[in-house]
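Student: Structure below; questions to follow.
Every read-out reported here was derived from the displayed coordinates using simple, explicitly stated rules and does not represent laboratory data. Remember, predicted model here, so these are calculated numbers, not experimental data. Every residue, glycine as well, gets a Cβ built from its backbone with ideal geometry; the counts of neighbours run over all protein chains shown.
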Amino acid sequence: YAKSVAKNTYQLYETSMSQQNEETLKIEHHLRSAIEKNELELYYQPKFDLLTNRVTGVEALLRWHSSILGEVPVTKFIPIAEETGLIFKLDEWVLKKACEQSRKWNALNLSYPLTMAVNISPLHFRLPNFVHFVDRVLKKTCLEPSLLEIEITEGCFIDNADECIIYLTQLKNLGVSVAIDDFGKGYSSLNYLRKFPINSLKIDREFIHEVEQNADDIAIVKAIIFLSHELKLKVVAEGTETKEVIEILKGLGCNEVQGYYISEPLPSNEIERIISEINSKDEFFSNS
Ligand code: C2E
Ligand code: MG
Ligand code: MG
Ligand code: MG
């Protein structure tokens, strides 16, 4: 009996493995032509400054509307793109598109500058010509470098801290900002925070979403905010979904929040409207 159970279990496992491989292959296949088929789009999510009560920037988030597979979540296809090397093409498309969009928005004579944050895969960040590539895109799109922010995760720093310091310094010399995304979720030591020329930390959503009811989360968030400010870094909270959470973060001195309460990620035309709506109110957050 045990044998047959084990056998059945194994067969089940085998099926799901091959189904998974099939799906991966399918995604890879269609992803290869996604750019040419014009199936990619950038959505943008505002970052809201708690001191000025204004949207000071947006983060570009990739969306794939596949004609064959439908909406494929970015968390599903990015790992496949990383495994297959397609990520370089994707990141390039995203960076160009985001810089063009930022250039357009900032040409509108806004009363305040709007920064553009772009997520870059650790694989890409580690390429020796990455900084050169960023420089080329900035020049081509005529975007003021200080308007661009690169978001990388702690995974970038594993194994090559010395090279990272060089790349980060080069980015800084270009005038580009760097944020550490999903901070607190990784495994790296705090050592890099004092050594690396970075501009901000984004506290991972995991520590934020229950912050109003979880004393441990509050303790961690407090500590990250304190640490950031001691190190002269700006601190951004990800995944702020309620007014209560934002109030707590404001009380703790968090600089910026990003999450569904302010706005979900939206296509460019919709986000323009939302941002001008928020920024035209004097007290968007306090009054709402
Ligand atoms: P991330 O950079 O940490 O982006 C934040 C994610 O949290 C986004 O998911 C966003 O839609 C989601 N989010 C924002 N506010 C809230 C909220 O209040 N509640 C909840 N539950 N979620 C919220 P998304 O767009 O699915 O992206 C997932 C991840 O995929 C990103 O995490 C980033 O690591 C990666 N990614 C997205 N776009 C790109 C890209 O263009 N290039 C690369 N290399 N990676 C990307
Ligand atoms: Mg990000
Ligand atoms: Mg994040
Ligand atoms: Mg995240």
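Student: With the Cα gyration tensor of the stretch 163-288 giving a ≥ b ≥ c as the square roots of its eigenvalues, does the rule (a/c under 1.5 for rounded; else a/b larger than b/c for prolate; else oblate) give rounded, prolate or oblate?
Tutor: Taking the square roots of the gyration eigenvalues as a ≥ b ≥ c, the stretch 163-288 is oblate.
Student: Rounded, prolate or oblate: which fits the stretch 57-209, taking a ≥ b ≥ c as square roots of the Cα gyration tensor eigenvalues, rounded meaning a/c under 1.5, else prolate when a/b beats b/c?
Tutor: rounded
Student: Work out the charge dipole of the chain with +1 on the Cβ of Lys and Arg and -1 on the Cβ of Asp and Glu about the Cα centre, then indicate which of N214, L40, F77 is farthest towards its positive end.
Tutor: L40
Student: Which of rounded, prolate, oblate describes the stretch 79-147, given a ≥ b ≥ c as roots of the alpha-carbon gyration tensor eigenvalues and a/c under 1.5 marking rounded, otherwise prolate only if a/b is larger than b/c?
Tutor: prolate
Student: Okay, moving on. Just need the relative contact order of the stretch 38-164 here, percent rounded to a whole number, with Cα pairs under 8 Å and 6+ apart.
Tutor: About 23 percent, as a whole number.
Student: Subtract the Cα-Cα distance of E206 and N53 from 0.36 nm times their separation in residues, and report this length gain in nm to one decimal.
Tutor: Between E206 and N53, full extension yields an extra 52.6 nm.
Student: In whole percent, what relative contact order does the stretch 137-202 give with Cα contacts below 8 Å and a gap of six or more residues?
Tutor: Computed over the stretch 137-202, the figure is 38 percent.
Student: Separate question: Sort 236-243, 163-170 for me by packing, meaning the mean count of neighbouring Cβ atoms within 10 Å per residue, highest on top.
Tutor: For the peptides 236-243, 163-170, the packing ranking is 236-243, 163-170.
Student: Taking every pair of distinct Cα atoms and averaging 1/r, then inverting, what Kirkwood hydrodynamic radius in Å comes out for the stretch 8-120?
Tutor: 16.2 Å
Student: For the chain, what proportion of DSSP beta bridges, expressed in % and rounded to the nearest 5, is antiparallel?
Tutor: If we restrict to bridges inside the chain, about 40 percent are antiparallel.
Student: Moving to a separate point now. Using the beta-carbon distance between A215 and F284 and R0 = 25 Å, what value does 1/(1 + (r/R0)^6) give for FRET efficiency, to the nearest 0.05?
Tutor: 0.25
Student: Just the Kirkwood number for the chain, please: inverse of mean 1/r across all distinct Cα pairs, in Å, one decimal.
Tutor: Evaluated over the chain, this radius sits at 20.5 Å.
Student: Further question: Could you give the alpha-carbon Rg of the stretch 162-206 over 2.2 N^0.38 Å, rounded to two decimals?
Tutor: Compactness ratio reported: 1.18.
Student: Have a look at the DSSP beta bridges in the stretch 51-194 and tell me what percent are antiparallel, nearest 5.
Tutor: 20 percent
Student: Continuing with the same structure: Using 0.36 nm times the number of residues separating E277 and S16, minus their current alpha carbon distance, what extension gain do you get?
Tutor: 89.2 nm is the gain from fully extending E277 to S16.
Student: Let me know the whole percent of all Cα-Cα pairs from the stretch 119-164 that are separated by more than 17 Å.
Tutor: 37 percent
Student: Based on the Cβ-Cβ distance from E82 to N109, what FRET efficiency comes out when R0 is 35 Å, to the nearest 0.05?
Tutor: 0.35
Student: Let me check against my output: what whole-number percent is the relative contact order of the chain, with C-alpha pairs under 8 Å and at least 6 apart?
Tutor: Worked out over the chain, it gives 18 percent.
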